[in-house]
Amino acid sequence: MKYVLVTGGVVSGLGKGVTASSIGVVLKACGLRVTSIKIDPYLNTDAGTMSPFEHGEVFVLDDGGEVDLDLGNYERFLDVTLTRDNNITTGKIYQSVLDKERRGDYLGKTVQVVPHITDAIKTWIESVSLIPVDGKEGPADVCVIELGGTVGDIESMPFIEALRQLSFSVGQENFCLIHVSLIPVLGVVGEQKTKPTQHSVRELRALGLTPHLLACRSAQPLLENTKEKLSQFCHVAAGNILNIHDVPNIWHVPLLLRNQNAHHSILQQLNLLSIAMPPDLRDWTKMAETYDNLTNSVRIAMVGKYVGLTDSYLSVVKALLHACVACSLKPSIDWIAASDLEDDSAKLTPEAHAAAWETLKNAACVLVPGGFGDRGVKGMILAAKYARENNVPYLGICLGMQISVIEFARSVLSLERANSTEFDEHTPNPVVVFMPEGSRTHMGSTMRLGSRRTLFQTPDCITSKLYHNSEYVDERHRHRYEVNPDVIGILEEAGLKFVGKDDSGRRMEILELPSHPFYVGVQFHPEFKSRPGKPSALFLGLILAATGQLETYLDRHPNTS
């Protein structure tokens, strides 16, 4: 196995994930099979219990793994299906070592960071890198490893040491280190400063790792004298200093790397030049250029809880982008904090309330994404009601589906106190309830997670037609509440149709309102399987409905089983 390690220096949030994904794209374009591993040095076992404000969205995999959002980038860029083990955390490593210690596997030895923790890290990397993720038999050719955080962080030290040992044990021609660093420009002088990168590389070398390539993040392209300075003081050949400057959209990053012959430097280091082909990025180039040349846009109202940090809904944003590009449109997302729509907001913050409602009314469609807790729920219910009553295309995902059920029960069935037991345990009309198999005492990995099959109840529904499948669809889930099976009858009598159910027939997965142009709620998260060039069916449906093209599209693409 050949390894490409991507580390980061100076500051966090430089775009290591996009850089690692883009390196994978270029290597894949050279005809190589690529897999990815993300190392997160935090002590959490996984990302499942972290607030989106803390760490961005929680990405869910087919096997139910709740992982860092960078694995979403890998899946989208490389079009692979990763496993929970492709995300390594300090929590997972220590847990596995302590479990072994309790079993007596260490035969009375003193268990220490070196060698026991570092050995566990190496073993994990070597075994996970062999798992095929592209649907083919056998292991990949190259494993791209991203080390989260910044070089010098105390929490990442055991991983640095383990990776140093790994580089030594696999040999020079099987290990390539790419260090992502920042080249800032200070004040009015406008000089590109290399000192932060020099210090970062010095720190890395002091820990026993020497970068083969430098990926320099900057606002503007690097000047030649900046490159020469970096080469001289960082001990990296000038041809191996890559400049990843700001670009109009991230689909340009693989092209930037290709244009600077990054693939040649990596392949040369890994002794793969003889088997690799010149990178074929024609489709990728077309995609990036198509997006740059789009002029028309569509306004999408995103009504959520975590709108202060766009990374909280990263996969939703990407799925909207994929769907819009497929319709030759640019997405114009209007972020609306759900709480700003509420009646209380009219008294406390009247300007924010008025602005939120004006934004909602100017949007071509409404999307209510997933979330947990009761903050902003009243605002989401008002948004769903507005969309339903005014024939505005609506897509509710997970919590968004449950919101549409609560709103329908209150407005149409006149059950004024209808609610979810998540928000009101004593509601007399529980239309959304806690799932029987859920745990009320443990939060981590106790939800209904991962890929599950949804069976269409009729081929004659919008969702089935959009998926081009009259029988079923497999999508990823992450929820602990569900629509109450006992109220399905009265909801359907009033006009709300549950067109998708799980294989037991008791769990509601998809709802539609036949009297509405596009009013769809889904219990699963379709955004997690959206890809560039292969948009999620439901997001595509939302954009088509928002632009008045849905009926034409459905007529042109008849259903097949």
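The values are calculated or read from the model by the stated rules, or taken from the named source; none is laboratory data. Please read these numbers as outputs of a predicted model, since none were measured by experiment. Glycine gets a Cβ as well: all are built from the backbone with ideal geometry, and neighbour counts include every protein chain shown. For accessibility, only protein heavy atoms count, side chains too; no ligands or nucleic acids. Shrake-Rupley method; radii C 1.70, N 1.55, O 1.52, S 1.80 Å.
Things to note:
- Kirkwood hydrodynamic radius over Cα pairs of region 214-273, then Stokes diffusion coefficient at 25 °C and 0.890 mPa s, in µm²/s: 201
- Inter-centroid distance (Cα atoms) of region 195-225 relative to region 512-561, Å: 45
- Length-normalised contact order of the chain in % [C-alpha pairs under 8 Å, at least 6 apart]: 14
- Computed over region 422-561, Kirkwood Rh from alpha-carbon pairs, angstrom: 16.3
- Of all DSSP beta bridges in the chain, antiparallel share, percent nearest 5: 35
- Region 31-80: proportion of alpha-carbon pairs further apart than 17 angstrom, %: 35
- Packing-based ranking of 107-119, 179-191 yields 179-191, 107-119, ordered from highest to lowest mean Cβ neighbour count within 10 Å.
- Over region 120-169, volume per residue of the alpha carbon convex hull, in Å³: 91
- At 0.890 mPa s and 25 °C, Stokes D of region 357-444 from Kirkwood alpha-carbon radius, µm² per second: 178
- In nm, spacing of pseudo-spin labels at Arg417 and Arg205 (7 Å Cα→C-beta vector): 7.2
- In this structure, Arg375 and Lys286 have a Cβ-Cβ separation that, at R0 = 41 Å, corresponds to a calculated FRET efficiency of about 0.45.
- 3J(HN,Hα) from dihedral phi, region 153-159, Karplus parametrisation 6.51/-1.76/1.60, rounded to Hz, x for glycine, proline: 5, 4, 5, 9, 4, x, 6
- Residues with amide H under 5 Å from that of His245, placed H, sequence gap 5 or more: Ser218
- In region 20-134, the portion of solvent-accessible area held by carbon and sulfur atoms comes to 53 percent [1.4 Å probe, whole percent, DNA, RNA and ligands not counted].
- Gap separating the Cα centres of region 287-330 and region 75-145, nearest whole Å: 35
- Annotation: per residue accessible area for the chain equals 42 Å², rounded to a whole number [probe 1.4 Å, protein chains only].
- With K and R counted +1 and D and E -1, the other residues having a Cβ less than 10 Å from that of Arg84 yield a net charge of -4.
- Candidate lysines - alpha carbon under 18 Å from Lys122, same-chain residues fewer than 8 apart omitted: Lys2, Lys38, Lys92, Lys100
- Protein-only accessible surface order, largest first, of Phe408, Phe233 at 1.4 Å: Phe233, Phe408
- Contact order, relative form, for region 231-325: 22 percent (alpha carbon pairs under 8 Å, 6 or more residues apart, mean separation divided by residue count).
- Close amide H contacts of Arg33 (hydrogens built in the peptide plane, cut-off under 5 Å, sequence separation of 5 or more or a different chain): Asp141, Val142.
- The simple spin-label model puts a point 7 Å past each Cα toward its Cβ; for Asn391 and Asp311 those points are separated by 4.3 nm.
- Helical contribution to [θ] at 222 nm, DSSP H n ≥ 4, -39,500 (n - 2.57), averaged over the chain, rounded to 500: -10500 deg cm²/dmol
- The phi torsions of region 310-321, fed into the Karplus equation with coefficients 6.51, -1.76 and 1.60 and a -60° offset, translate into couplings of 5, 5, 5, 10, 4, 5, 5, 4, 5, 5, 5, 4 Hz, rounded to whole numbers, with Gly and Pro shown as x.
- Principal axis extents of the Cα atoms in region 363-403, from largest to smallest and rounded to whole angstrom, are 28, 16, 16.
- Long-range Cα-Cα pairs in region 65-118 (distance over 15 Å), rounded percent: 57
- Largest-first principal axis extents, alpha carbons of region 69-211, Å: 62, 41, 30
- Here region 341-494 carries DSSP beta bridges of which approximately 65% are antiparallel, counting only pairs with both residues inside.
- In this structure the amide hydrogen of Tyr3, modeled in the peptide plane, comes within under 5 Å of the amide hydrogens of Cys143, Phe175, Cys176, none closer than 5 places in sequence on its chain.
- In sequence order, region 249-264 has phi-based couplings of 8, 5, 5, 7, 4, x, 5, 4, 5, 4, 5, 9, 6, 4, 4, 5 Hz under the Karplus curve 6.51 cos²θ - 1.76 cosθ + 1.60, θ = phi - 60°, and Gly or Pro positions carry x.
- In the structure shown, the pairs Lys305/Lys385; Lys28/Lys286; Lys16/Lys529 are assessed against 19 Å; a Cα-Cα span above that value is assigned to Lys16/Lys529.
- Relative contact order (percent, whole number), region 408-518, Cα cutoff 8 Å, 6+ residue spacing: 23
- Helix axis angle, 90-103 relative to the chain longest principal axis, alpha carbon, degrees: 80
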